[in-house]
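Quick notes on the structure that follows.
Read-outs: derived from the displayed coordinates by stated rules, not from any lab. This structure is a prediction, so every number in the text was calculated from the model and none was measured. When we count neighbours, we look across all protein chains shown, and the Cβ atoms used for this are built from the backbone with ideal geometry, even at glycine.
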Amino acid sequence: MTVIPREHLDFGACVSSGQVFRFKEVGKKWVGVDGSNIIEAIETADGWSVRSCPDPRAWMDLLQMGQNLLQIKRTIADCEPRLTRQLEAYPGLRLLRCQRSDETLFSFLCTPNNNMARIGRMVRELAAYGKEMGEGLFEFPGVGRIAAIPEAELRSKGFGYRAATITKVARELAQRPSGWLDGLRQVPYENAIRALSELPGVGPKLADCVCLFGLHHSQAVPFDVHLWRAATRLYFPAWSGKSLTALRYRSAGSEFRRRFGNTAGWAQQYLFYERIAAAGTPVCNY
């Protein structure tokens, strides 16, 4: 295993900060799956020891270890000095780059009006329809397999109204050309948002989550109610206490992108994690 100093990586914060939902802490070890790889991390006296298999470099791709985190944080602080407290409070928090865009999409279809623990359970239920990789670990099923799951079966497993959306989206994707979703990684962010918004039940916030974590558009900024409050405090004081309308959502996202550019998604993750750290298991409003 490779040991990464804490200022460059806090693995536990990364995988418990609402970016992915299939990593579990067992004792002092975190274990989960990204794509076709099992990833394990152990906190040591010197930092985090991480490994992945069968691809030994998969963990580096997920955690974007090729990105200089200290430089990214300096860039964010230069753009907005008022975020210095969050940047210093959570050293090692990184923006994840998930291998499977379809897993990201179906994971976030589980998030509306839900809490983190229940989201994790639902995503693991979906994953269990895939190929078993190890004890309790599964490769996420493909779109065709999810499309074949009866809505009633998902409802019986506690998905509620989200079962209908998951089934509809899977069947819609199954009818599209192979690679359509992954192809949105190669188009401009605005085009990816428009394309995702054509899918059943995918609104702007959920589309931004998929763009950020699954399609790797780092300028995406998913706004929930708590991030909206932070945005109004920082940039839109006249909107304090007012609802997050579609127009205000677009305005807030544009302001983040104007200020932070391609680090906008990184900046929002520090604000979002501050909420998680304070609330424990907050309700998601994606």
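Looking at G144, N113, L70, which one has the Cα that reaches farthest to the positive end of the dipole of the chain (charges on Cβ: Lys, Arg +1; Asp, Glu -1)?
Result: N113.
Find the centroid of the Cα atoms in the stretch 155-233 and in the stretch 78-149, then give the distance between the two in whole Å.
12
Give me log10 I(q)/I(0) at q = 0.09 Å⁻¹ for the chain, Debye formula, one equal scatterer per alpha-carbon, no solvent.
Taking Cα atoms of the chain as identical point scatterers yields -0.41.
Mind ranking 27-37, 230-240 by how tightly packed they are, going by the mean number of other C-beta atoms within 10 angstrom, highest first? Walk me through the intermediate numbers first.
Numbers: 27-37: 17.3, 230-240: 14.5.
Peptide ranking by packing, descending: 27-37, 230-240.
What's the local net charge at K29, with K and R +1, D and E -1, over the other residues with C-beta under 13 Å away?
On the way: positive: K24, K28, R51; negative: E25, E40, E43.
It works out to a net charge of 0.
Given the pairs K28/K157; K24/K131; K131/K168, which are separated by over 24 angstrom at their Cα positions?
In this structure, K28/K157 lie more than 24 Å apart at Cα.
Enumerate the aspartates and glutamates that K242 could reach by cross-link, defined here as Cα to Cα under 19 Å, with residues fewer than 8 away along the same chain left out.
D224, E255
Give me the net charge for the shell around G12: Cβ to Cβ below 9 angstrom, other residues only, Lys and Arg +1, Asp and Glu -1.
Details: positive: none; negative: D10, E25, E43.
Around G12, the surrounding residues sum to -3.
Tell me the label-point distance for the pair M133, N191, using the 7 Å Cα-to-Cβ offset, in nm and rounded to one decimal.
3.1
Given charges of +1 on the Cβ of Lys and Arg and -1 on the Cβ of Asp and Glu, with all other atoms neutral, how large is the dipole of the chain about its Cα centre, in debye to the nearest 20?
I would put it at about 740 debye.
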